[in-house]
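Read the structure below first, then the notes.
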Amino acid sequence: MKPLVALIGRTNVGKSTLFNRLTRQSRALVDDQPGVTRDRLYGDVTWEDHAFLLIDTGGFGDTEDALSSRVRQQAELAAGEADLVLFMVDGRQEIQPDDLEVAQFLRRSGKPVLLVINKIDGPKQETRLPEFYRFGLTPLFPISAQHGLGVGSLLDAVVRYLPAAPDAGEPPEGIRVAVLGRPNVGKSSFINRVLGEERLIVSDTPGTTRDAIDAPLIWDNRPYVLIDTAGIRRRSRIHQNLERGMIWQALRALQRAEVVLLLLDAQEGLTEQDLRILNFIAVAGKGCLIGVNKWDVVGKDCQTQKAALDRLNMGLQLISYAPVLPLSVLTGYQVSKVFPLLDEIYRQCQFRAATGELNRIFAQIVAAHPPPRYRHRSVKFYYLTQPDSRPPTFVAFTNIPGAAPDSYRRYLINQLRERLGLPYAPIRLHFKGKKHRRGSRIASGQSKD
């Protein structure tokens with residue numbers, strides 16, 4: 001396990017800005033609005049041959065409402081597991097009551113603490129530094145997280161405080177699974193359940209999750225990385241820059257995932273927004289498991305359950321290859337079936353066929369149902385190649401690339417899926433032109449023009 005360093009402080013002192021700079025990524029959302037970060041966000045940092053995990057946390061602040069209390073709880077958990085705490089304050093403002101509250105909490109924790117004075121961009125701000133000796137923490141580390149000033153000196157101090165990491169080699173990262181869906185369908189609740197801890201904040205308030213949170217997991221001796229994402233809302237409801245950033249993070253999580261778990265709400269059924277998310281998944285060519293959450297509220301009557309599934313399946317033609325699994329995160333119903341299905345979807349998405357076997361199967365498919373003629377000409381296929389996997393991608397060389405109608409393309413894809421044993425894999429099929437050379441054609445629509 002790498003050493004852990006936690007960023008702790010009140011809201012809007014620049015913790016996420018520093019997190020993004022040190023991890024050299026833009027995974028933490030940054031906005032002028034206080035309280036943007038809520039869950040714990042982990043990122044790798046390397047400095048002069050030293051590696052550690054940095055934890056971004058939500059800000060300490062008003063804890064009167066339940067959501068703020070949970071944000072604070074997540075920050076306290078991060079401090080509890082950390083080897084070192086970076087206590088961040090705003091160098092442009094006077095010390096705030098919330099700063100004093102954080103300092104008091106950290107003193108009780110007994111953790112080693114470095115005091116980081118952020119937003120020190122020049123001599124004018126440096127004149128305020130003596131005020132921060134009030135915390136009784138020395139030395140002070142004045143920095144500008146936005147511009148990088150003083151960050152090198154801070155990192156030098158960090159690695160001096162950290163214990164040496166055991167040389168156990170890098171653990172396997174595991175299958176990356178993006179958990180997508182509309183707000184409040186149970187994404188964070190699902191991840192918390194399989195992790196066995198309150199790793200993510202769960203609330204009835206839509207939009208509780210904001211960053212894309214990576215949560216490593218070992219399930220049945222296999223490693224995974226679950227990526228919790230913000231709920232993707234309708235475009236008409238996206239008004240603020242923060243919300244646009246949340247949607248961008250969710251879509252970026254989709255791009256770096258290898259498999260997707262899309263959660264639907266069994267009470268609401270398939271909505272227009274669900275169909276938009278399905279389109280994102282299909283365009284990205286990702287393998288997908290559709291989990292129908294809150295199945296416990298549908299009822300135990302078999303006819304009722306069948307009718308609910310039939311309604312769902314009617315709307316899933318866009319991504320008909322994706323298996324549908326009714327489940328309940330609340331009761332645990334069929335949650336254990338999620339990971340075996342994800343494994344199988346992942347395996348099928350990695351599939352690569354031997355060229356000879358592929359062309360033998362393709363010849364049989366075309367011979368069983370030849371393509372229709374195009375403008376009184378025969379459509380001929382010469383051979384099939386697989387240039388890529390993830391998803392399995394095939395190129396069929398033909399004499400008239402634009403001749404085969406969409407219905408015939410669907411026929412070829414469905415037959416390839418069936419004969420290659422890929423029921424859950426998205427398959428891409430492209431047609432490419434090639435001049436016919438005698439003896440090279442493997443199949444055609446007619447024997448003569």
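Couple of notes before you dig in:
- Top-ranked residue in segment 358-404 [being aromatic (F, W, Y) and assigned to a strand (DSSP E or B); ranked as nearest to K286 (Cα to Cα)]: F394
- Residue count for segment 266-281, restricted to those that are open to solvent by less than 30 Å² (accessible area, probe 1.4 Å), more than 14 Å from the chain's Cα centre (by Cα) and not polar (S, T, N, Q): 4.
- Meets criteria (at pLDDT 90 or above and touching a helix residue (DSSP H, G or I) at 6+ places or on another chain (Cβ under 7 Å)) for F132: no
- Verdict on R10 being surrounded by fewer than 20 Cβ atoms within 10 Å (Cβ to Cβ), at pLDDT below 90 and either under 16 Å from V85 (Cβ atoms) or not β-branched (V, I, T) (or both): no
- Selection within segment 300-313 - surrounded by fewer than 10 Cβ atoms within 10 Å (Cβ to Cβ) and either of a type in the set (S, T, Y) or farther than 16 Å from D265 by Cα (or both): K300, D301, C302, Q303
- Breaking point among (1) outside any strand (DSSP E or B); (2) open to solvent by less than 70 Å² (accessible area, probe 1.4 Å), for M88: (1)
- Taking the listed residues L115, L140, the one that is closer than 26 Å to W47 by Cα, within 35 Å of the chain's Cα centre (by Cα), among the hydrophobic types (A, V, I, L, M, F, W, C) and modelled with pLDDT of 85 or more is L115, with no other qualifying.
- Residue in segment 126-138 that is in contact with a Ser or Thr (Cβ under 8 Å, 6 or more places away or on another chain) and open to solvent by less than 50 Å² (accessible area, probe 1.4 Å) present: no
- Those residues of segment 335-357 which are surrounded by fewer than 16 Cβ atoms within 10 Å (Cβ to Cβ), over 22 Å from the mean Cα position of the chain (by Cα) and outside any helix (DSSP H, G or I), in sequence order: R352, A354
- Note on segment 287-323: residues that are outside any helix (DSSP H, G or I), of a type in the set (D, E, K, R) and free of Cβ contacts under 8 Å to residues at least 12 places away in the same chain amount to 2.
- Test: residue in segment 190-202 that is part of a strand (DSSP E or B) and either among the acidic types (D, E) or at pLDDT 90 or above (or both): no
- Every pair of residues 6+ apart whose Cβ atoms lie under 7 Å, when the first sits in segment 361-374 and is in contact (Cβ under 8 Å) with a residue 24 or more places away in the chain while the second is among the polar types (S, T, N, Q) and in a helix (DSSP H, G or I): I365/Q415
- Considering residues of segment 93-111 that are part of a loop (DSSP other than H, G, I, E, B) and open to solvent by 50 Å² or more (accessible area, probe 1.4 Å) only, the residue farthest from Q146 (Cα to Cα): G110
- Only residues that are open to solvent by 30 Å² or more (accessible area, probe 1.4 Å) and touching a residue at least 24 places away in the same chain (Cβ under 8 Å) were counted in segment 377-387, giving 4.
The values are calculated or read from the model by the stated rules, or taken from the named source; none is laboratory data. Keep in mind that what you see is a predicted model, and the values were worked out from it rather than measured. Cβ: placed from backbone, ideal geometry, glycine included. Neighbour counts: every protein chain shown. In case anyone asks, the SASA skips ligands and DNA or RNA and just uses the protein heavy atoms, side chains included. Shrake-Rupley method; radii C 1.70, N 1.55, O 1.52, S 1.80 Å.
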